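Report on the following structure.
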Amino acid sequence: MDRIVKGCLVTPHGRIEGGWVGIEDGRITAIGQGVPPAAAQTDDHGSALILPGVVDGQTHATSYLGLPGIAPTTASAVAGGVTTLVDMPYDNPLPLDRPDRFAAKADAVAQHAHADMALYGTATRETGVAQLKALIEAGVVAFKISSFESSPTRFPRIAEDLTLDLFEQLAATDLPLGLHNEDQEIVHARMARARAAGIEGIEAHSTSRPLAAEMAATAQFFALAQAAGAHAHPVHQTARESFDITAMFAASGMRATGELCVHYLWFDAARDGERLGARMKVNPPIRPGAIDGIWASVEAGHVAFVSSDHSSWPIDNKYTDSIFDAGAGVPGMETLLPAFFTLARDRGHDPALMCAQMLSEHPARFFGIDDRKGAIEIGREADLAVLEEGAFVWDETRAQDGLNWSPFHGETFGARVAATYLRGAPVWDGSEVLNAPGSGRLVKRATAGWFA
Ligand SMILES: [Zn+2]
């Protein structure tokens with residue numbers, strides 16, 4: 001045995017107090033309780049919780065620095081207990097819509113990554129459906145498009161005709177098509193109206209991107225997928241009404257899932273907007289009074305998994321006179337696990353179990369990487385996040401992401417990541433990232449079947 005890691009294990013079959021994980025060649029080869037067998041190295045974490053490493057299903061590592069942005073984002077990942085990132089295709093300067101860009105990003109993972117990475121692909125007006133097959137063969141785990149144009153080159157709007165073509169091509173596969181789900185015409189008109197009235201503070205952000213715009217885009221997307229027989233997945237839903245649409249289509253028997261980002265469950269636009277301003281600007285927006293409803297959706301099983309939607313833009317991007325000119329997105333690699341743990345605890349759930357399911361098991365299955373990732377089980381890779389419970393105030397200056405700003409600055413979490421293991425190797429010790437850039441690997445889809 002190469003290594004034994006001791007602590008309170010959180011497995012798919014429940015907690016094992018005084019448990020241990022045995023690791024050989026980077027994989028979990030034994031799980032037990034009490035006195036462990038001899039090993040070259042034994043790490044005793046006492047009563048700390050040992051969770052499966054987080055599979056963060058939505059990150060934007062490259063939107064600012066381009067492919068080298070993988071280095072700081074993945075250093076931040078391991079500091080947050082995230083051992084696999086599923087990175088979005090909106091790379092700077094050009095999106096991942098063809099095999100040579102997949103190859104370039106795979107090379108960048110091999111050169112820069114501290115954590116393992118799986119990759120989304122996309123389709124643009126330029127590539128249409130022509131590159132889907134080659135990207136699947138190259139190893140993308142999912143595709144994503146947007147119904148709202150954030151950038152004509154990097155992050156274009158894809159209209160319904162191409163969306164339908166994509167669904168028809170993907171119907172025979174297990175790969176989901178994800179959507180940035182906002183109706184472009186509604187948002188543009190409401191933003192113009194607010195600007196004309198001189199209403200340009202954070203309060204105008206959620207009203208100019210109303211829930212109606214999210215719901216309309218979501219419903220239309222599902223209808224196209226239903227007709228084509230494909231798997232549709234809006235990547236951020238921000239309110240119960242939106243998840244209700246997902247549940248309605250899922251009840252029809254089609255492959256419909258929806259994703260939640262942790263900030264929608266933590267922040268409330270009415271309560272936190274004035275204090276945070278553009279620091280809480282994300283798209284779709286954080287809404288007023290939505291938290292209880294979102295929890296009801298989680299508890300009803302209408303949320304597939306929870307992600308960070310980590311954005312790698314520096315804070316300078318937010319310093320604008322008008323909220324409409326401020327950059328959207330927030331850093332989140334190091335706050336996802338402690339924040340969701342805290343929220344689940346305060347809501348009365350078993351927070352460790354809920355984190356293991358919603359942050360690891362479900363996303364691993366969703367992206368078809370659950371033969372290696374997503375649970376503390378014999379045969380899987382030994383990706384572990386060690387959580388120490390307590391009261392810890394989040395300090396943005398201590399982040400490993402090179403950004404050092406966060407809407408969570410000053411918030412108190414009920415746990416902190418005391419250690420992280422990637423395929424059996426210690427990569428975070430609670431204060432420092434221990435592995436070299438290039439230690440992370442590319443993770444390809446391997447298991448068959450769709451999420452449910
Ligand atoms: Zn995103």
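Filter the stretch 311-358 down to the residues that are within 16 Å of the ligand (Cβ to nearest atom) and assigned to a helix (DSSP H, G or I), then identify the one that is least open to solvent (accessible area, probe 1.4 Å).
Among those residues, the one meeting the criterion is L336.
Listed here are the residues, each with its yes/no results for (1) away from the ligand (no atom under 15 Å from the Cβ); (2) touching a strand residue (DSSP E or B) at 6+ places or on another chain (Cβ under 9 Å); (3) free of Cβ contacts under 8 Å to residues at least 24 places away in the same chain; (4) of a type outside the set (F, W, Y).
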| position | (1), (2), (3), (4) |
| --- | --- |
| A123 | yes, yes, no, yes |
| A138 | yes, yes, no, yes |
| R154 | no, no, no, yes |
| D165 | yes, no, no, yes |
| P176 | no, yes, no, yes |
| E182 | no, yes, no, yes |
| I186 | yes, no, no, yes |
| A194 | yes, no, no, yes |
| G201 | yes, no, no, yes |
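Of all residues in the stretch 278-292, how many are part of a helix (DSSP H, G or I) and surrounded by fewer than 17 Cβ atoms within 10 Å (Cβ to Cβ)?
Final tally of qualifying residues: 1.
Return the residues of the stretch 385-437 that are surrounded by fewer than 15 Cβ atoms within 10 Å (Cβ to Cβ) and farther than 22 Å from D44 by Cβ; say none if nothing qualifies.
Of everything in the stretch 385-437, those that are surrounded by fewer than 15 Cβ atoms within 10 Å (Cβ to Cβ) and farther than 22 Å from D44 by Cβ turn out to be A391, V393, D395, T397, R398, G410, T412, A436.
Could you list all residues from the stretch 270-285 that are without any contact (Cβ under 8 Å) to a residue 60 or more places away in the chain and touching a strand residue (DSSP E or B) at 6+ places or on another chain (Cβ under 9 Å)?
V282, the sole residue that qualifies.
Confirm whether E377 is surrounded by fewer than 21 Cβ atoms within 10 Å (Cβ to Cβ) and outside any loop (DSSP other than H, G, I, E, B).
no
Restricting to the stretch 72-96, and then to whatever is away from the ligand (no atom under 16 Å from the Cβ), closer than 26 Å to A304 by Cβ and of a type outside the set (S, T, N, Q), can you tell me which residue is surrounded by the fewest Cβ atoms within 10 Å (Cβ to Cβ)?
This residue is A79.
Can you work out which of the residues in the stretch 202-230 that are within 18 Å of W450 (Cα to Cα) and not in a helix (DSSP H, G or I) is farthest from the chain's Cα centre (by Cα)?
The qualifying residue farthest from the chain's Cα centre (by Cα) is G229.
Looking at A339, A385, A419, A352, which is the one that is over 18 Å from L260 (Cβ atoms) and outside the structural domain of T11 (by TED's automatic domain parsing)?
Of the residues listed, the single one that is over 18 Å from L260 (Cβ atoms) and outside the structural domain of T11 (by TED's automatic domain parsing) is A352.
Within the stretch 27-94, which strands (runs of 3 or more DSSP E) (wholly inside it) include 3 or more residues that are touching a helix residue (DSSP H, G or I) at 6+ places or on another chain (Cβ under 6 Å)?
Of the strands (runs of 3 or more DSSP E) lying wholly inside the stretch 27-94, those with at least 3 residues that are touching a helix residue (DSSP H, G or I) at 6+ places or on another chain (Cβ under 6 Å) span 41-52, 54-60.
Search the stretch 238-264 for residues being within 16 Å of the ligand (Cβ to nearest atom) and not in a loop (DSSP other than H, G, I, E, B), and hand back the single one that is surrounded by the most Cβ atoms within 10 Å (Cβ to Cβ).
If we take residues in the stretch 238-264 being within 16 Å of the ligand (Cβ to nearest atom) and not in a loop (DSSP other than H, G, I, E, B), then S242 is surrounded by the most Cβ atoms within 10 Å (Cβ to Cβ).
Please identify the pairs in which a residue from the stretch 286-309 that is within 20 Å of E182 (Cβ to Cβ) and charged (D, E, K, R) has its Cβ atom under 9 Å from the Cβ atom of a residue that is within 16 Å of the ligand (Cβ to nearest atom) and open to solvent by 20 Å² or more (accessible area, probe 1.4 Å), counting only partners at least 6 apart or on another chain.
Pairs found: D309/H60.
What residue, of G57, G46, G69, is surrounded by fewer than 24 Cβ atoms within 10 Å (Cβ to Cβ) and within 16 Å of the ligand (Cβ to nearest atom)?
G69
If you check F143, F167, which single one turns out to be part of a helix (DSSP H, G or I) and not charged (D, E, K, R)?
So the residue among F143, F167 that is part of a helix (DSSP H, G or I) and not charged (D, E, K, R) is F167.
So, of the residues in the stretch 97-140 that are part of a strand (DSSP E or B) and small (G, A, S), which turns out to be surrounded by the fewest Cβ atoms within 10 Å (Cβ to Cβ)?
A118
Residues of the stretch 359-373 being part of a loop (DSSP other than H, G, I, E, B) and open to solvent by 10 Å² or more (accessible area, probe 1.4 Å), which ones?
Passing the criteria: D370, D371, R372.
The values are calculated or read from the model by the stated rules, or taken from the named source; none is laboratory data. Values in this document were obtained by computation on a predicted structure and should not be read as measured data. In this analysis, Cβ positions are derived from the backbone assuming ideal geometry, glycine residues included, and neighbour counts consider all displayed protein chains. Quick note on the areas: whole protein, heavy atoms, side chains included, nothing else; ligands and nucleic acids left out. Shrake-Rupley method; radii C 1.70, N 1.55, O 1.52, S 1.80 Å.
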